[in-house]
Amino acid sequence: MKILVTGGAGFIGSAVCRHLVGDLAMAVVNVDKLTYAANLDSLKPIAGHPLYSFYKQDICDREAILGILQSEKPDAIMHLAAESHVDRSIDGPAIFIETNVMGTYAMLEAARTYWIELEGTARNSFRFHHVSTDEVFGDLPFDDSLFLETTPYAPSSPYSASKASSDHLVRAWNHTFGLPVVLSNCSNNYGPYQFPEKLIPLVTLNALEGRPLPVYGKGDNVRDWLHVEDHAKALVTIATRGRIGESYNVGGRCERTNLAVVEAICDHLDKQVPREDGTQRRSLITFVTDRPGHDRRYAIDCSKIEAELGWTPSRTFEEGLADTISWYLANDEWWRPIRAKNYSGQRLGTGSKKP
Ligand code: NAD
Ligand code: DAU
């Protein structure tokens with residue numbers, strides 16, 4: 001099988017490419033514009049592999065995408081390319097609408113033209129897998145409620161609204177044009193190669209360097225954490241075996257408050273690399289002004305994918321977090337250039353900058 005992956009130089013996309021080529025020996029065509037969030041170093045383990053190829057390409061260019069589809073002839077598309085950081089969407093929503101809405105529209109139109117021209121088995125087995133987020137469902141109260149595939153959409157941020165819009169487009173292309181699509185909505189990912197603007201890598205690296213650890217509000221917001229390699233396995237399962245027109249919720253059954261996550265990172269680092277002055281890294285925790293429109297709680301019911309497709313998360317948060325911290329400690333050549341280029345000390349998400 002050959003799969004065209006969009007956004008394969010990003011955090012989750014690179015994990016998908018490494019899994020497809022490295023573990024499953026499947027052919028991958030990676031299409032990525034290489035925005036600030038991309039890093040070709042994340043693909044080093046497979047970069048020279050004969051099953052892997054790369055196109056530096058903007059998904060918004062429908063004709064260029066169609067050309068790649070027609071020359072590479074993939075059996076499926078896994079569409080991950082997106083602007084993904086909520087705080088950036090508050091500071092500058094325009095690129096989120098452009099990439100996540102218009103980009104998905106361009107991908108759907110290119111895929112439709114390509115798919116119509118396919119024949120026989122190639123046409124029957126083709127899939128367009130749209131990779132989305134649990135944030136489309138909005139905000140859960142602090143109780144035991146969970147997001148189901150049938151939960152009504154209620155996005156809160158420009159990011160989640162743009163992802164919700166793209167999900168609606170994908171379903172419409174299935175309903176109206178018959179394009180064989182499948183969707184997935186996943187909770188917060190963590191793991192190696194995550195851009196250090198997201199909570200876990202940001203706090204890990206700040207804590208290592210003795211910088212303040214910014215916790216929004218009271219730190220009582222809850223997220224459901226899933227290791228990126230478990231997500232990559234779920235995505236390939238959905239792309240290859242998911243039912244046409246269906247969506248699958250993917251999560252870690254692993255709810256934690258942000259404060260608990262930050263404290264766990266501090267405690268891990270204190271054990272692995274104690275500070276010279278012997279002080280605890282929890283002392284670096286700094287409560288800062290909350291993110292505007294900050295959703296309180298996300299939690300996924302992933303029983304549909306477990307029952308239908310047999311996928312289940314394989315590691316506990318404690319195991320996954322320990323591995324992730326060890327990875328950042330051992331791979332400073334990956335993150336030091338990013339921190340040197342991007343770390344301004346200025347907090348994102350205040351909405352104060354003009355788009
Ligand atoms: P990321 O920001 O790390 O990577 C996004 C990638 O998309 C980058 O390589 C970037 O260069 C590429 N890209 C952006 N605009 C592009 C364009 N116009 N054309 C081509 N490529 C472009 O994102 P991520 O965290 O890996 O998320 C991947 C997908 O998974 C996104 O669709 C996101 O909404 C979804 N998702 C993320 C999470 C999470 O916790 N990170 C959870 C659920 C779903
Ligand atoms: O739920 C899935 C989503 O998870 C994905 O769709 C997004 O692409 C991904 O970025 C992530 O969104 P979050 O906003 O939940 O992730 P982030 O790492 O930015 O923040 C996690 C939580 O931590 C959130 O409640 C905000 C808080 N936070 C974040 C940062 C960066 C802090 O308290 N301090 C911080 O410095």
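The values are calculated or read from the model by the stated rules, or taken from the named source; none is laboratory data. Keep in mind that what you see is a predicted model, and the values were worked out from it rather than measured. Cβ atoms come from the backbone with ideal geometry, glycine included; neighbour counts cover every protein chain shown. Heads up: the accessible areas ignore ligands, DNA and RNA and are worked out on the full protein's heavy atoms, side chains in. Shrake-Rupley method; radii C 1.70, N 1.55, O 1.52, S 1.80 Å.
A few notes on this one:
- Residue tally, condition within 10 Å of ligand 2 (Cβ to nearest atom) and either out of contact with any helix residue (DSSP H, G or I) (no Cβ under 9 Å at 6 or more places or on another chain) or in a strand (DSSP E or B) (or both), over the range 180-189: 4
- Only one entry of E135, E98 meets the criterion of being open to solvent by less than 50 Å² (accessible area, probe 1.4 Å) and outside any strand (DSSP E or B), and that entry is E135.
- Residue in the range 165-176 that is within 23 Å of G7 (Cβ to Cβ), open to solvent by 30 Å² or more (accessible area, probe 1.4 Å), in a helix (DSSP H, G or I) and of a type in the set (G, A, S) present: yes
- Those residues of the range 206-228 which are farther than 17 Å from V288 by Cβ and surrounded by fewer than 21 Cβ atoms within 10 Å (Cβ to Cβ), in sequence order: L208, E209, G210, V222
- For the range 35-48, residues that are within 12 Å of S14 (Cβ to Cβ), touching a residue at least 24 places away in the same chain (Cβ under 8 Å) and of a type outside the set (S, T, N, Q) total 7.
- Of the criteria (1) under 17 Å from the mean Cα position of the chain (by Cα); (2) without any contact (Cβ under 8 Å) to a residue 60 or more places away in the chain, which one P152 fails: (1)
- Which listed residue, of T237, T289, T257, T279, is among the hydroxyl-bearing types (S, T, Y) and in contact with a helix residue (DSSP H, G or I) (Cβ under 8 Å, 6 or more places away or on another chain): T237
- Every residue from the range 123-138 that is in contact with a Ser or Thr (Cβ under 7 Å, 6 or more places away or on another chain) and either of a type in the set (G, A, S) or modelled with pLDDT under 95 (or both): S132, G138
- Residue match in the range 87-97 (condition: among the charged types (D, E, K, R), modelled with pLDDT of 95 or more and within 14 Å of ligand 1 (Cβ to nearest atom)): yes
- Answer residue from the range 321-355, given it is out of contact with any helix residue (DSSP H, G or I) (no Cβ under 8 Å at 6 or more places or on another chain) and crowded, with 17+ Cβ neighbours inside 10 Å and is modelled with the highest pLDDT among those: W327
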